[in-house]
Ligand SMILES: Nc1ncnc2c1ncn2[C@@H]1O[C@H](COP(=O)(O)OP(=O)(O)O)[C@@H](O)[C@H]1O
Ligand SMILES: [Mg+2]
């Protein structure tokens, strides 16, 4: 959905930046999102948006250039996010009060992703470092080398599958036991391989362990990982693994 941006009241520099962002984003952003991106530019959080790395239904992730290197900028989309898909994940989370409008829910998603990245950082879980957040935009550490993003677990050849599998499961346990969080969308599509080290991404939907569905989400996360590595010849029994994560 293309928006016509009124540029009348904008100073020259912002006008130019808006133009650059629009060029990169293919005019997909609404005015409010453009404003947030320009504010971040002006605050020096990044210098430019370079190109979209990936675009899904709920978010677009950009590579951005910063003073010292790169950052990943994840923009949650107001238009195409599914309210009904998102709502169950915030049920009973005391960190985030109930919301009614989709716009609020999308912003809450960004806040939740940022808070979860911070919690991972504190607990030593392998995830991108959080850098900044505002409204529907999350800025985080760019996972890549020489400006080229690393591939997803799904797309790489894993040299030592048992080690990678156990590293992910160890993080799932730390997440559950130390950070009281369940990722709730863990799969080889949400793990980026930094060389041979797995880094877990995509934290918007993650829930606290007190969420009524937390155990079911945990079971589904662990099932995805155990099944994937099972196909690579790594045998990890589901119930034993779950038991170790929750009580071991
Ligand atoms: N920090 C990052 N560094 C590099 N690439 C990233 C980063 N975060 C996400 N990506 C890329 O963007 C894609 C989408 O990000 P993700 O957080 O999974 O959003 P979605 O909700 O659209 O699945 C990922 O599959 C990955 O290719
Ligand atoms: Mg994802």
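How high is the relative contact order of the stretch 119-248, in percent, counting Cα pairs under 8 Å that sit 6 or more residues apart?
Value for the stretch 119-248: 25 percent.
So what is log10(I(q)/I(0)) for the stretch 17-148 at q = 0.13 1/Å, when the Debye sum runs over its Cα atoms only?
-0.54
Pairwise over distinct Cα atoms, reciprocal of the mean inverse distance: report the Kirkwood radius of the chain in Å, one decimal place.
19.0
Based on the Cα coordinates of the stretch 207-248, what is the per residue volume of their convex hull in Å³?
Cα-based convex hull of the stretch 207-248, divided per residue, equals 61 Å³.
Angle between the Cα long axis of helix 12-25 and the longest principal axis of the chain, 0 to 90 degrees, nearest 10?
For helix 12-25, the angle is close to 40 degrees.
Which residue fluctuates the most in the chain, going by a Gaussian network model with Cα springs under 10 Å, if the choices are 141, 159, 79?
Among 141, 159, 79, the largest mean-square fluctuation in the Gaussian network model of the chain belongs to 159.
If I take every Cα pair under 8 Å that is 6 or more residues apart in the chain, average their sequence separation and divide by the length, what percent do I get for the relative contact order? It would help to have the intermediate numbers written out before the result.
On the way: 395 pairs, mean separation 37.0, N = 248.
RCO, the chain: 15 percent.
For the chain, set up a Gaussian network in which alpha carbons nearer than 10 Å are linked by springs, and say which option among 71, 119, 127 fluctuates the most.
119
How big is the C-alpha Rg of the stretch 91-201 next to the rule-of-thumb value 2.2 N^0.38 Å, as a ratio? Present the calculation step by step, with values, prior to reporting the outcome.
Working: Rg = 15.0 Å, N = 111, 2.2 N^0.38 = 13.2 Å.
Against the compact-globule rule of thumb, the ratio is 1.14.
Treating each Cα of the stretch 173-248 as an identical point scatterer and ignoring solvent, apply the Debye formula and state log10 I(q)/I(0) at q = 0.27 Å⁻¹.
Debye intensities relative to I(0), on a log10 scale: -1.42.
FYI, it's all coordinate maths here, none of it is from the lab. Quantities reported herein were computed from a predicted structural model and do not represent experimental measurements.
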